[in-house]
1. So which residue, out of 69, 114, 223, gets the largest mean-square fluctuation from a GNM of the chain using Cα contacts under 10 Å as springs?
2. Starting from 0 in steps of 10 Å, tell me what percent of the Cα-Cα pairs of the range 107-203 lands in each bin.
3. Please report how far the C-alpha centroid of the range 156-235 lies from that of the range 39-103, rounded to the nearest whole angstrom.
4. At 0.36 nm per residue, and after removing the present C-alpha to C-alpha distance, how many nm does the segment from residue 167 to residue 84 gain when stretched out fully?
5. With axes computed from alpha carbons, what is the tilt in degrees of helix 27-36 against the longest principal axis of the chain, rounded to the nearest 10 within 0 to 90?
6. Sort 67, 44 so the one with the fewest other Cβ atoms within 10 Å of its own Cβ comes first.
7. Between residue 96 and residue 198, what length comes free when the chain is fully extended (0.36 nm per residue of separation minus the Cα-Cα distance, one decimal in nm)?
8. For helix 199-211, what angle does its Cα long axis make with the longest principal axis of the chain, in degrees from 0 to 90 and rounded to 10?
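No value in this document is a laboratory result; all are computed from the given coordinates. Just so you know, these numbers come straight off a predicted model, no measurement behind them. Backbone-built Cβ (ideal geometry, glycine too); neighbour counts: all protein chains shown.
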């Protein structure tokens with residue numbers, strides 16, 4: 001764990017500014033938060049925390065992809081979130097929990113900003129803006145989880161996969177291009193688990209979408225050839 005140096009604190013300041021929970025803060029307030037941050041580096045498949053671990057603080061992704069998941073009593077893995085740079089995680093227990101309620105794992109080499117619980121709470125006691133923005137963020141996460149449960153129970157796997165592709169091109173910022181695309185940086189196994197299926201089924205879905213000229217696959221990238229049909233499938 002490395003404390004952020006003065007030279008790169010501006011970079012952390014800019015990353016924090018990108019997050020909805022911090023976007024309305026003044027530079028002076030962001031600088032105070034940056035001062036308590038630490039950087040943690042993880043290798044592919046490293047565990048960041050386990051469900052039931054003592055709660056120490058939350059994280060913001062600088063580089064890499066993070067899987068947030070739970071394990072059922074019979075050992076089945078349920079993926080709740082697949083997160084990318086500039087997204088935060090581990091913030092839900094900040095005010096009420098002494099333990100992490102989920103597991104977090106690096107899907108590839110990752111660099112994270114760590115914001116320790118006690119220091120952060122001390123800072124926000126005098127800042128209602130951060131508290132309000134975090135509540136909004138929690139509400140969005142709750143809505144996402146509710147939507148995910150509804151999709152798993154009411155939609156077919158093709159509909160869920162189409163929705164996943166749409167979400168990913170929106171995150172990539174390519175949705176307005178003539179041929180939107182996304183780059184796959186995680187395994188098929190994790191994508192399959194996220195949409196509630198198995199790897200073989202995911203491979204068949206990819207082939208079906210290619211055969212119907214809705215997508216084309218080139219290496220690690222998926223290009224959307226017919227966005228209108230993909231949106232129809234996601235409904």
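1. Result: 223 has the largest fluctuation of those listed.
2. Over the range 107-203, the share of Cα pairs per 10 Å bin runs 12, 29, 33, 20, 6, 0 percent.
3. What the calculation gives is 25 Å, centre to centre.
4. Using 0.36 nm per residue and subtracting the Cα-Cα distance, I get 28.7 nm.
5. 90
6. Exposure proxy ranking, most exposed first: 44, 67.
7. Answer, rounded to one decimal: 33.2 nm.
8. Helix 199-211 sits roughly 60 degrees off the main axis of the chain.
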